[in-house]
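The values are calculated or read from the model by the stated rules, or taken from the named source; none is laboratory data. Nothing here was measured: the structure is a model prediction, and the numbers come from that model. Cβ atoms come from the backbone with ideal geometry, glycine included; neighbour counts cover every protein chain shown. Just the protein is used for accessible areas: all its heavy atoms, side chains included, with ligands, DNA and RNA removed. Shrake-Rupley method; radii C 1.70, N 1.55, O 1.52, S 1.80 Å.
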Amino acid sequence: MAALRFAALLCWCLLLSALPAAAAGPAVLDAGRESLPLGPYLQYRVDPEGHADAASQFAQAERGNFQPLPDGSTTFGFTDGAHWFHAQLFNHNSPERRWLLVLHYPLLDNVDVYLRYPDGRVEHRASGDTLPFSARSIRYRHPNVWVELPPRTEVELLVRVSSRSSLQVPLALYTPKAFAELERDSQFGIGIFYGILLALLCYNLVLWLSLKDASHFWYMCHVAGFGLVMFCLNGLAFEYLWPNSPWWANQAIPLSMALSQIAMHQFCRVFLETATRQPYADKVSLALIAFFVLMGAASFVIDYRDSVRPMTMAVFPGALFILYLAINSIRKGYAPARVFLLAWAFLLLGTALYASVSFGLLRKTFITEYAIQIGSALEIILLSFALAYRYARLRGENERLVHEHNEQLERHVARRTSELSTALEQLAEANQRLRESNRRDALTGLFNRRHFREMFEHQLHHANEHQQSLGVLLIDLDHFKDVNDTHGHLAGDECLRWLGRCLHDTLVEHGALLARFGGEEFVVVLPDIEADRLLQVAEHLRLKICGEAVRYAGNNIGLSASIGAYLLQPGSGIGVDEALHRADDALYAAKNRGRNCVHVAEPAAAR
């Protein structure tokens with residue numbers, strides 16, 4: 001009898017595993033809704049050869065052979081073949097029949113949209129940058145088509161996308177009014193960005209003509225090349241410069257990338273004086289320039305992807321190499337490199353984030369999509385307008401004073417020197433406050449997660465050199481949501497501040513590194529500690545937390561905490577991420593044991 005039950009259970013499990021993936025629910029358009037991102041409702045299927053037609057894919061969708069988006073992400077990186085995306089659209093009660101379907105990524109070669117209505121009628125629309133710009137439903141930098149969605153009617157949407165560039169498919173529906181508002185805000189932001197670039201270009205042109213300084217010339221070239229890159233990547237070049245030439249729309253991207261990178265590396269060579277200060281690194285810079293010259297020339301004869309992908313991949317080592325040049329220049333005592341490092345770090349970070357999205361390493365968000373614009377704007381403000389203009393004005397004024405009178409020169413120079421010293425002191429104080437603010441969590445006053453990681457890596461390096469163990473504690477307040485729900489978020493904030501003070505008062509004698517890890521989760525690193533002592537400290541801390549109530553608005557709020565502990569042995573070869581991961585596993589084990597307890601993870605064997 002038991003054997004029969006087991007056989008029946010096995011057959012049922014096999015039947016369930018053979019069933020197709022459940023289809024995503026329909027995208028419902030209610031009254032009052034004017035826009036709808038379609039990512040949560042999409043399913044996809046890969047056509048490796050790219051030969052499938054719409055009829056076969058509609059049939060595959062009916063059989064449930066489409067899969068949910070991987071991790072809900074619409075970014076697939078550089079892929080071959082075609083991707084099909086399927087969704088059900090249901091106009092539940094919206095009076096708007098005409099909607100604009102927009103694919104918010106301008107660099108897609110072929111976009112085919114199929115709409116199947118309940119009467120069996122199928123409508124087809126085509127877009128993408130292999131077609132003239134006039135083929136789009138409206139003149140807009142992103143591929144778009146009009147779709148008709150009658151009220152209380154379910155329409156089946158099928159989208160085929162193929163591209164030689166990075167494949168990103170952030171689809172969204174808009175009413176005409178909603179799209180007009182979106183485009184208005186978008187154009188305003190784009191106008192500000194390109195206005196800044198144009199102002200910077202003109203400003204450096206004036207400086208170059210007056211000073212004959214090569215750094216201003218190459219920086220001006222970089223701004224021009226960078227502006228052209230962004231103009232192409234945003235789809236504006238295809239819209240305004242060559243709307244009837246799809247070939248140029250694709251060719252301009254690798255060419256502008258090459259020109260921008262050439263000018264950028266050449267500017268770094270001139271500004272940092274690498275030819276005399278870092279001759280070996282200068283040869284590497286020349287090699288990078290030669291690489292981009294070669295790829296720019298080769299882009300006319302090789303495939304688009306074969307030129308864009310290597311150059312995009314070269315962004316990462318190029319960014320790291322420029323940072324190395326700046327840091328090494330600072331180490332060698334070259335003072336202007338400090339300003340260079342601060343200003344260019346924003347641009348390089350933004351470039352790296354954008355490239356990471358192209359390869360599917362990061363999700364496409366507002367920050368990652370516009371990282372280059374944000375970083376370059378900050379770089380412009382910090383480097384060009386704030387420093388170069390002030391320096392040129394002071395130098396011009398001092399030169400004028402020299403020619404007026406020697407006695408006046410001495411008085412003015414003394415006064416200006418005093419003002420400059422005061423300004424530099426104020427700037428240094430402001431920078432110090434800014435650095436300290438960036439290191440601290442605004443609510444608890446403890447270190448934030450980014451600075452904690454830097455300090456943890458330093459302590460780990462020191463512990464390995466001196467053969468000392470490190471203790472890691474991850475502390476999470478139990479049922480903290482109930483505190484917020486019962487007493488309010490201000491009470492929750494007071495509880496977090498109290499816990500920060502409690503951690504400091506309890507663990508400061510141990511030389512602990514304290515930080516707020518996120519939300520109600522805190523992290524502690526204890527140097528030179530053994531396993532038994534680590535458990536004692538964690539248990540003492542847990543008792544301290546649950547033994548004292550937090551006073552707020554006349555209420556006593558009781559707290560408890562679950563603590564995950566991990567002892568990082570010297571020579572284990574475990575890095576920061578793995579140590580935090582093991583402490584996090586221990587924390588979840590403590591949660592599973594009923595909360596308000598300490599769980600110590602098993603130590604790793606020494607390598």
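Some notes on this structure:
- Accessible surface ranking that places the most exposed of M313, M264 first, with a 1.4 angstrom probe: M313, M264
- Computed over the chain, the P(r) tail beyond 35 angstrom holds 59 percent of alpha carbon pairs.
- Span-rule helices in the chain, defined as complete DSSP H runs reaching 18 Å or more along the axis (Cα) with Kyte mean at least -1.0: 2-18, 176-211, 214-233, 246-272, 279-298, 304-331, 336-358, 489-507, 531-547, 576-592
- Simple label model, 7 Å out from Cα along Cβ direction - Y117 to R449, nm: 4.9 nm
- Efficiency of FRET between H540 and T365 - r from beta-carbon atoms, R0 45 angstrom, step 0.05: 0.60
- R0 of 51 Å, Cβ-Cβ distance D528-D53: FRET efficiency to nearest 0.05: 0.15
- Relative contact order, percent, the chain [alpha-carbon distance under 8 Å, six or more residues apart]: 9 percent
- Among the protein heavy atoms of the chain, carbon and sulfur supply 59% of the accessible surface, probe 1.4 Å, non-protein parts ignored.
- Ordered by 1.4 Å accessible area with all protein chains kept, H86, H51 run largest first as H51, H86.
- Distance from the range 538-567 to the range 51-101 (C-alpha centre basis), Å: 50 Å
- If you count Lys pairs in the chain whose Cα atoms are under 24 Å apart, skipping same-chain pairs closer than 8 places in sequence, the total is 4.
- Ranked by how many other beta carbons lie within 10 Å on average, peptides 451-457, 176-182 from highest: 451-457, 176-182
- Rh by Kirkwood over Cα pairs, then Stokes-Einstein D for the range 129-181 at 1.567 mPa s and 4 °C, µm²/s: 96 µm²/s
- With the helix formula -39500 (n - 2.57) applied to DSSP H stretches of n ≥ 4, the chain reaches a computed 222 nm mean residue ellipticity of -18500 deg cm²/dmol.
- Projecting label points 7 angstrom from Cα along Cα→Cβ for A297 and A335 puts them 4.3 nm apart.
- Accessible area (Å², 1.4 Å probe, nearest 10) - F346: 80 Å²
- Rounded to the nearest 5, the antiparallel percentage of DSSP beta bridges internal to the chain is 90%.
- Per residue, the convex hull spanned by the Cα atoms of the range 551-607 measures out at 93 cubic angstrom.
- Computed on protein heavy atoms with a 1.4 Å probe, the accessible areas place L420, L514, L342 in the order L342, L420, L514, largest first.
- Taking 1.306 mPa s as the viscosity and 10 °C as the temperature, the Stokes-Einstein diffusion coefficient of the range 241-371 based on its alpha-carbon Kirkwood radius rounds to 100 µm²/s.
- Overall shape of the range 463-607 was characterised from the C-alpha gyration tensor. The equivalent ellipsoid obtained from it has semi-axes of 29, 15, 12 Å, in decreasing order.
- Solvent exposure of E183, expressed as accessible area, is near 40 Å², computed with a probe of 1.4 Å over the protein chains only.
- Gain on full stretching of the segment that runs from R152 to R184 - 0.36 nm per residue minus C-alpha separation: 8.5 nm
- Value of relative contact order over the range 495-558, rounded to a whole percent, pairs C-alpha under 8 Å and six or more apart: 26 percent
- With a simple spin-label model that places each label point 7 Å from the Cα along the Cα-to-Cβ direction, the separation between H489 and E509 comes to 3.8 nm.
- Range of Cα positions in the range 450-527 per principal axis (Å), largest first: 49, 23, 18
- Per residue, the accessible area of the chain comes to 50 Å², computed with a 1.4 Å probe over protein heavy atoms only.
- Accessible area (Å², 1.4 Å probe, nearest 10) - R551: 150 Å²
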